[in-house]
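Following: one structure in structure tokens, then a few remarks.
The values are calculated or read from the model by the stated rules, or taken from the named source; none is laboratory data. What you are looking at is a predicted structure, and each value in this text was computed from that prediction instead of being measured. Glycine also receives a Cβ, built like all others from the backbone with ideal geometry; neighbour counts cover every protein chain displayed. Only protein heavy atoms, including side chains, enter the accessible area calculation; ligands, DNA and RNA are left aside. Shrake-Rupley method; radii C 1.70, N 1.55, O 1.52, S 1.80 Å.
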Amino acid sequence: MMKKRITIIDYGMGNLRSVEKAFKYLGYEVNVCYEKEEILLAEKIVLPGVGAFQKAIENIKNLDLYHVIKQKIIDKTPFLGICLGYQLLYEFSEEGNEKGLNLLKGSVIKFKENNKFKVPHMGWNKILVNERSRLLKGLSGNYFYFVHSYYVNNSNKDIVSSTSYHGLGFDSSIEYENIYATQFHPEKSGDVGLEILDRFGGL
């Protein structure tokens with residue numbers, strides 16, 4: 001069966017090439033772009049990213065992509081947000097003053113540092129999976145690569161597909177209708193991460 005093309009949105013917040021390489025390794029045709037005409041035609045959208053929430057939203061708006069991305073998600077295009085691309089789905093973050101895409105309800109909160117748990121949360125950590133998950137089913141207990149200082153606390157816990165622990169429990173991924181998002185980086189998480197990307201590609 002012909003694999004669908006993956007469109008990765010380039011909004012100037014890094015981490016694109018490792019995601020692109022991972023999907024290409026899995027045999028997908030990949031289009032990395034920032035042109036709204038191409039994004040409007042996308043069959044599947046990936047929004048990766050590392051860095052500051054406010055800067056990300058400013059970049060998206062400057063590229064005239066804010067409403068394009070929202071509309072594609074509302075129109076049920078399969079969407080995968082990775083790290084910052086997960087946090088941008090919410091109304092706002094404690095990091096900055098810009099409103100996010102406001103497609104999901106919840107808070108994006110900064111970790112509180114202490115002697116045991118450092119900020120940013122960086123390195124390998126375990127996920128505990130809700131076995132109803134389409135992308136993560138059977139992967140509970142596996143370790144994935146994280147790098148972030150803020151975490152998402154969803155208002156609707158029914159959409160949470162995995163949780164992790166770093167000083168407190170937090171929602172490390174979600175699934176809601178056509179929206180999939182992970183706080184961890186599947187593209188940097190070895191074979192189990194590639195499995196997640198391939199499952200998304202096969203939706």
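Overview of values
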| quantity | calculated |
| --- | --- |
| Output for region 83-130, where each listed residue is modelled with pLDDT under 95, among the polar types (S, T, N, Q) and out of contact with any helix residue (DSSP H, G or I) (no Cβ under 8 Å at 6 or more places or on another chain) | S107, N114, N115 |
| Close pairs (6 angstrom Cβ cut-off, 6 or more residues apart or separate chains): under 14 Å from E177 (Cβ atoms) in region 148-163, open to solvent by 30 Å² or more (accessible area, probe 1.4 Å) and part of a strand (DSSP E or B) anywhere | I159/Y176; S161/E175 |
| Condition met for I159 (open to solvent by less than 10 Å² (accessible area, probe 1.4 Å) and within 17 Å of G81 (Cα to Cα)) | no |
| Any chance I60 is within 30 Å of F111 (Cα to Cα), within 17 Å of the chain's Cα centre (by Cα) and not in a helix (DSSP H, G or I) | no |
| Pick from region 13-47, criterion assigned to a helix (DSSP H, G or I) and hydroxyl-bearing (S, T, Y), ranking: farthest from F200 (Cα to Cα) | S18 |
| Matching entry among Y90, Y150, Y165, Y143 (being surrounded by fewer than 15 Cβ atoms within 10 Å (Cβ to Cβ), in contact with a Lys or Arg (Cβ under 8 Å, 6 or more places away or on another chain) and of a type outside the set (A, V, I, L, M)) | Y165 |
| Check on E177, exposed (fewer than 14 other Cβ atoms within 10 Å of the Cβ) and either in contact with a Pro (Cβ under 7 Å, 6 or more places away or on another chain) or closer than 17 Å to L80 by Cα (or both) | yes |
| Strands (runs of 3 or more DSSP E) wholly inside region 66-126 containing at least 1 residues that are more than 16 Å from V147 (Cβ to Cβ) | 79-82, 106-110 |
| Any hit, region 184-192, residues being farther than 12 Å from I82 by Cα, touching a residue at least 12 places away in the same chain (Cβ under 8 Å) and either aliphatic (A, V, I, L, M) or surrounded by 15 or more Cβ atoms within 10 Å (Cβ to Cβ) (or both) | yes |
| Failed condition for D171, given (1) among the acidic types (D, E); (2) open to solvent by less than 40 Å² (accessible area, probe 1.4 Å); (3) more than 15 Å from K126 (Cβ to Cβ) | (3) |
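Condition check ((1) closer than 11 Å to F53 by Cα; (2) in contact with an Asp or Glu (Cβ under 7 Å, 6 or more places away or on another chain)) across all residues:
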site: I69; (1), (2): no, no
site: F79; (1), (2): no, no
site: F92; (1), (2): yes, no
site: G123; (1), (2): no, no
site: K126; (1), (2): no, no
site: K137; (1), (2): no, yes
site: Y150; (1), (2): yes, yes
site: N154; (1), (2): no, yes
